[in-house]
Amino acid sequence: NSGAFTFDPGFTSTASCESKITYIDGDEGVLLYRGYPIDQLAENSNFIEVAYLLLKGELPSDQELVDFDRSITMHTMVHEQLKNFYNGFRRDAHPMAIMVGVVGALSAFYHDSTDINDPKQRLIASHRMIAKMPTIAAMAYKYSIGQAFVFPRNDLDYTSNFMRMCFAVQPEEYEVNPVLSSALDKIFILHMDHEQNASTSTVRLAGSSGANPFACIAAGIASLWGPAHGGANEAALNMLEEIGHVDNIPEFIARAKDKSDPFRLMGFGHRVYKNYDPRAKVMRKACHEVLDALGVQEDPLLEVAMELERIALEDPYFVEKKLYPNIDFYSGITLRALGFPTEMFTVLFALARTVGWIAQWSEMVEDPNQKIGRPRQIYTGAAQRDYVDINKR
Ligand code: SDX
């Protein structure tokens, strides 16, 4: 590698791929995007700059950042006919169902101009996907509340543009609160990539067959939706609302430990982190920043969340199994405070993760040794046997 360290985690035999994009040390609670610690990027950078870093591998110069930002901004509009897809959904359709359908439909608009073997067309497809996700996501939200779609504006930054498309009610103008959009920008950075999680592996596997990137991202959105994965932010807030008061926490802790009860503490535990998810620390700080900016003195759900974390982290069950809060534990409280309904939480996760999905898809497609993915299995079914006619069964 070009001076980069190659770390063999000792499980190369089960590793699905090699990648230079994101590094996680689950035992130490370390997350690096192209070598940069996630908390440093969240505190000092912004969505477009981190998107450049994930896609290109290096932080941009001033001019590179200006050019990249423009290349995204110019693709934020969607084809007028794409709006027809929304009308096919019931108004109460889950926004993630709309996202899977509409993003998949992008294939029909750009399939013929996306030869994935042509680097230029691959780059345009990547920029189109990153640029259109906020517009499509905001349209899903507007459709669900019966309000008119709001066009993207080219003079706003990526996250402010998204907030305005969600919350402006035309013809009234909408002033984006810079503190809130900066907090959401930070939250998007935390969600951008996370190595070979379920949805990213879905995107890579779909892309390994040569499928177009829009269809691959739609597959990633479908995988992210599950409550064990990206759907956990919605499930975690629903859980905190069900707990309702700190006095009820012991009952839910007991249920989470009871193997006969399917209940799990949502926003807790992780396939890789056996330490505190570094993103959860930044998320908790962002949560306090948003509540302070909104002048919220006390948020009852935040009080429940912090007491639940305190009790769980002292409980032998969680300590022994190394279960800590993950990125989803505090995100729901923060996103709700920003004005988003719970059904939109995973949509926001998908919006941000699109950068990681596209970066990982590009890395895979550009690999000259890449082959179609073909996981194998351990067969535990019947041994070979002969057919028996129905009259003899
Ligand atoms: C994300 O992979 C990624 O990188 C994902 C993600 C990303 O950015 O892409 O980080 C985003 O998906 C974060 C995770 C969001 N999901 C949740 O918060 C849902 C609640 N968490 C659990 O469902 C669970 O922790 C998983 C699904 C995340 C992981 O499950 P595992 O693989 O079973 O976890 P484990 O092997 O560490 O579990 C060890 C033990 C098991 O019990 P035993 O079989 O040893 O008796 O801990 C138990 C688990 O049953 N356990 C929990 C628990 N999580 C694990 N018990 C109670 N509550 C929990 N939340």
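The values are calculated or read from the model by the stated rules, or taken from the named source; none is laboratory data. Fair warning: this is a prediction, and the values are worked out from it, not measured in the lab. For neighbour counting, all protein chains shown are included, and Cβ atoms are generated from backbone atoms with ideal geometry for every residue, glycine included. Please note that ligands, DNA and RNA were not included when accessible areas were found on the heavy atoms of the full protein model with its side chains. Shrake-Rupley method; radii C 1.70, N 1.55, O 1.52, S 1.80 Å.
Which of the residues that make up segment 294-317 are open to solvent by less than 40 Å² (accessible area, probe 1.4 Å) and free of Cβ contacts under 8 Å to residues at least 60 places away in the same chain?
299, 302, 309, 312
Which helices (runs of 4 or more DSSP H) sit wholly inside segment 14-83 and have at least 2 residues that are farther than 27 Å from residue 137 by Cβ?
It comes to 62-73.
Looking only at segment 261-274, decide whether some residue is away from the ligand (no atom under 11 Å from the Cβ) and either crowded, with 20+ Cβ neighbours inside 10 Å or without any contact (Cβ under 8 Å) to a residue 12 or more places away in the chain (or both).
No, segment 261-274 contains no residue that is away from the ligand (no atom under 11 Å from the Cβ) and either crowded, with 20+ Cβ neighbours inside 10 Å or without any contact (Cβ under 8 Å) to a residue 12 or more places away in the chain (or both).
So, residue 327, is that one within 30 Å of residue 168 (Cβ to Cβ), surrounded by 24 or more Cβ atoms within 10 Å (Cβ to Cβ) and at pLDDT below 95 or not?
yes
Could you grab me the full set of residues in segment 339-383 that are within 22 Å of residue 168 (Cβ to Cβ) and open to solvent by 10 Å² or more (accessible area, probe 1.4 Å)?
339, 341, 342, 343
Search segment 106-127 for residues being in contact (Cβ under 8 Å) with a residue 60 or more places away in the chain and of a type in the set (Ser, Thr, Tyr), and hand back the single one that is farthest from residue 65 (Cα to Cα).
107
Output yes when any residue across segment 120-133 is more than 25 Å from residue 224 (Cβ to Cβ) and part of a helix (DSSP H, G or I), and no when none is.
yes
Considering only segment 354-393, how many residues are within 30 Å of residue 99 (Cα to Cα) and part of a helix (DSSP H, G or I)?
Within segment 354-393, residues that are within 30 Å of residue 99 (Cα to Cα) and part of a helix (DSSP H, G or I) number 13.
For segment 1-26, name all the residues that are open to solvent by 50 Å² or more (accessible area, probe 1.4 Å), modelled with pLDDT of 95 or more and among the charged types (D, E, K, R).
Correct list: 20 only.
Starting from segment 128-157, keep only residues that are without any contact (Cβ under 8 Å) to a residue 60 or more places away in the chain, then list their pairs with residues that are among the acidic types (Asp, Glu) whose Cβ atoms are within a distance under 8 Å, requiring at least 6 positions of separation or different chains.
Partner pairs satisfying both residue conditions: none exist.
Which of the following residues is touching a His at 6+ places or on another chain (Cβ under 7 Å), within 11 Å of the ligand (Cβ to nearest atom), hydrophobic (A, V, I, L, M, F, W, C) and closer than 27 Å to residue 264 by Cα: 349, 329?
Every option except 349 fails the conditions.
Looking at residue 231, is it near the ligand (Cβ under 9 Å from one of its atoms) and out of contact with any Gly (no Cβ under 7 Å at 6 or more places or on another chain)?
In short, yes.
Could you grab me the full set of residues in segment 198-217 that are in a helix (DSSP H, G or I), open to solvent by 10 Å² or more (accessible area, probe 1.4 Å) and touching a residue at least 40 places away in the same chain (Cβ under 8 Å)?
201, 204, 205, 215, listed by residue number.
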